[in-house]
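Report on the structure given below.
Since every read-out is calculated from the coordinates, none of them should be taken as a lab result. Given the structure is predicted, the values throughout are model-derived calculations rather than measurements. With ideal geometry, Cβ positions are generated from the backbone for all residues, glycine too; neighbour counts draw on all protein chains shown.
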Amino acid sequence: MSASGIEARSEAGVNVIRLARPEKKNALSTAMYRGLSEAFEAGERDPGTRVHVLLGSPGAFSAGNDIADFLGDGGGSVGDGLNSVLRFVRLLPMLRKAVVAGVDGLAVGIGTTVLFHCDLVYASRRSIFATPFVDLGLVPEAGSSLLAPQRLGYARAFELLALGETFSAERMEAAGLVNAVVDDGYVESTALAAAQRLAVKPAAALALSRSLIRGDATLLGERIEAEVRIFKERLSSPEAQAAFNAFLTKRSGN
């Protein structure tokens with residue numbers, strides 16, 4: 001799946017999914033969203049897969065959405081991009097198998113919010129987390145408006161999602177999103193080791209335990225749909241249009 005910017009391989013019960021667009025700091029394109037959904041869905045269908053692992057590139061887990069591609073500059077349309085995003089965020093709460101993430105470097109926007117759906121998160125010391133939704137005239141997505149207050153507490157969730165404050169790896173560990181901060185260069189091995197420990201556990205007991213710990217996903221699904229409805233409305237708002245134009249102008253150097 002490397003042509004889509006996503007690489008996936010299965011080994012010893014572990015479905016390893018990698019964001020592989022380092023030249024763009026793993027900014028997610030429409031094709032990458034499709035590739036992510038396909039990779040997770042394939043692992044969910046595979047009876048030999050026990051756990052998913054999500055990785056990025058050295059120095060960049062994900063820089064968030066590729067705005068130009070999302071707006072249609074990549075040859076598609078806004079509708080194409082939005083549909084691919086929605087497929088992915090709606091899939092996240094439906095995953096039955098454990099998800100482990102290894103974060104190294106930038107984790108922006110969806111690069112942070114996807115982590116709220118992971119069961120274990122390991123981050124390098126140089127990792128930084130930010131969600132500039134409001135700055136783009138948008139609102140939080142992927143259920144983060146519900147999950148962030150639950151995991152971080154209201155004050156820190158508001159600071160992250162509304163103020164747009166950048167969080168260090170150490171602060172995210174203290175807040176409860178990151179399980180452990182490791183030295184640069186050891187993130188992937190740490191995440192894979194944890195996934196391998198999970199993969200050899202009794203599969204049914206692991207799945208049932210995960211389901212009990214995570215609880216009923218109904219409310220989360222409803223919140224995601226509420227976010228989707230508002231997000232769609234915000235895309236055509238003057239605030240969002242102005243923010244997108246400013247971003248694209250800055251990128252082109254004009």
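Stretched out fully, how many nm does the piece from Phe247 to Glu222 gain, at 0.36 nm a residue minus the Cα gap? Show your work: numbers first, answer last.
Numbers: separation 25, 0.36 × 25 = 9.00 nm, distance 3.11 nm.
Length gained between Phe247 and Glu222: 5.9 nm.
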Worksheet item: Under unit Cβ charges (Lys, Arg +1; Asp, Glu -1), what dipole magnitude, rounded to 20 debye, does the chain have relative to its Cα centre?
Response: 400
Worksheet entry | Euclidean distance between Cα centres, the range 226-249 to the range 164-212, Å | 33
Fill in: Farthest positive-ward along the chain dipole, Cα basis, beta-carbon charges - from Gly56, Ala193, Leu92
Ala193
Worksheet item: Taking 0.36 nm per residue of separation and subtracting the Cα-Cα distance, what length does fully extending Ser168 through Ala193 add?
Response: 6.7 nm
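Does the range 39-186 come out rounded, prolate or oblate, given a ≥ b ≥ c as the square roots of the eigenvalues of its C-alpha gyration tensor, rounded meaning a/c under 1.5 and, failing that, prolate meaning a/b above b/c? Before the final figure, lay out each step's value.
Numbers: a/c = 1.44, a/b = 1.06, b/c = 1.36.
The shape class here is rounded.
Could you tally the net charge around Asp119, taking each other residue with its Cβ under 10 Å from the Cβ of Asp119, Lys/Arg +1 and Asp/Glu -1?
On the way: positive: Lys97, Arg210, Arg214; negative: none.
Result for the neighbourhood of Asp119: +3.
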Fill in: Point-to-point label distance, Leu91-Ala207, nm (Cα→Cβ direction, 7 Å offset)
1.8
Worksheet entry | Within a Gaussian network of the chain (alpha carbon springs, distance under 10 Å), most fluctuating of Ile67, Ile110, Ile17 | Ile67
Worksheet item: Val200 versus Ala42, label points 7 Å from Cα toward the beta carbon: distance in nm?
Response: 2.6
Worksheet entry | FRET E, pair Lys232, Phe158, Förster distance 22 Å, beta-carbon r, rounded to 0.05 | 0.45
Discussion item. Which three numbers, in whole Å and largest first, are the semi-axes of the equivalent ellipsoid of the chain derived from its Cα gyration tensor as √(5λ)?
Written reply: 28, 20, 19
